[in-house]
Amino acid sequence: TNAPDGLGVSDIQLWQRGSTTAFAPPGLNSPQADSQPSLSLTGRWIAFVSDRSGGAGARDIYLYDQHESKLLPLPGLNSAGQEQSPCLSADGNYLAFVSERLDSIGERDVYLYDIAQQKLLPTLGLNSFRDEYDPCVIVLP
């Protein structure tokens, strides 16, 4: 939202069914633009995009833990390019996203990040010389 009582240019707010108001978890939003939230099935983790200071590029992806009320490190995920369209798997173990990193095949490619292992996973055959958008992660048993 870009409500006048928000912290930044745009803020992420959550709304629970049965509630009459939305709320912003403590420590989630910044004075800059925070957007494109993706929640894990339990709602514990929120992946989102921000142009807050201290990032690797113009727009980076962050992971917020609602139980701990803090941002979690994602080493190796962000680049000097723009990251966007985060999508958490239902179990919160994987994060798919789009990046405009310089070593990509196309201008925008889809990447998959293993949160527990803190590393990018191979996505052979997924990307093309064209732009890829809006990934979704489904983990089958």
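The one condition from (1) of a type outside the set (Gly, Ala, Ser); (2) open to solvent by less than 20 Å² (accessible area, probe 1.4 Å); (3) over 22 Å from Asp134 (Cβ atoms) that Thr21 does not meet is (2).
Does at least one position in the stretch 74-94 carry a residue that is among the charged types (D, E, K, R), under 12 Å from the mean Cα position of the chain (by Cα) and modelled with pLDDT of 95 or more?
yes
If you go through the stretch 46-95 and keep only what is in a strand (DSSP E or B), over 19 Å from Gln13 (Cα atoms) and open to solvent by less than 20 Å² (accessible area, probe 1.4 Å), you end up with Glu83, Leu95.
In the condition set (1) open to solvent by 30 Å² or more (accessible area, probe 1.4 Å); (2) farther than 21 Å from Gly8 by Cβ; (3) not hydrophobic (A, V, I, L, M, F, W, C), Pro26 is compliant with all but (2). Residues in the stretch 96-125 that are at pLDDT 95 or above, open to solvent by 20 Å² or more (accessible area, probe 1.4 Å) and among the hydrophobic types (A, V, I, L, M, F, W, C) were compared, and the one that is farthest from Ile46 (Cα to Cα) is Leu121.
The values are calculated or read from the model by the stated rules, or taken from the named source; none is laboratory data. The shown structure was predicted, so the numbers you read here are calculated from the model rather than taken from an experiment. Backbone-built Cβ (ideal geometry, glycine too); neighbour counts: all protein chains shown. We work out accessible area using only protein heavy atoms, side chains counted, and drop any ligands, DNA or RNA first. Shrake-Rupley method; radii C 1.70, N 1.55, O 1.52, S 1.80 Å.
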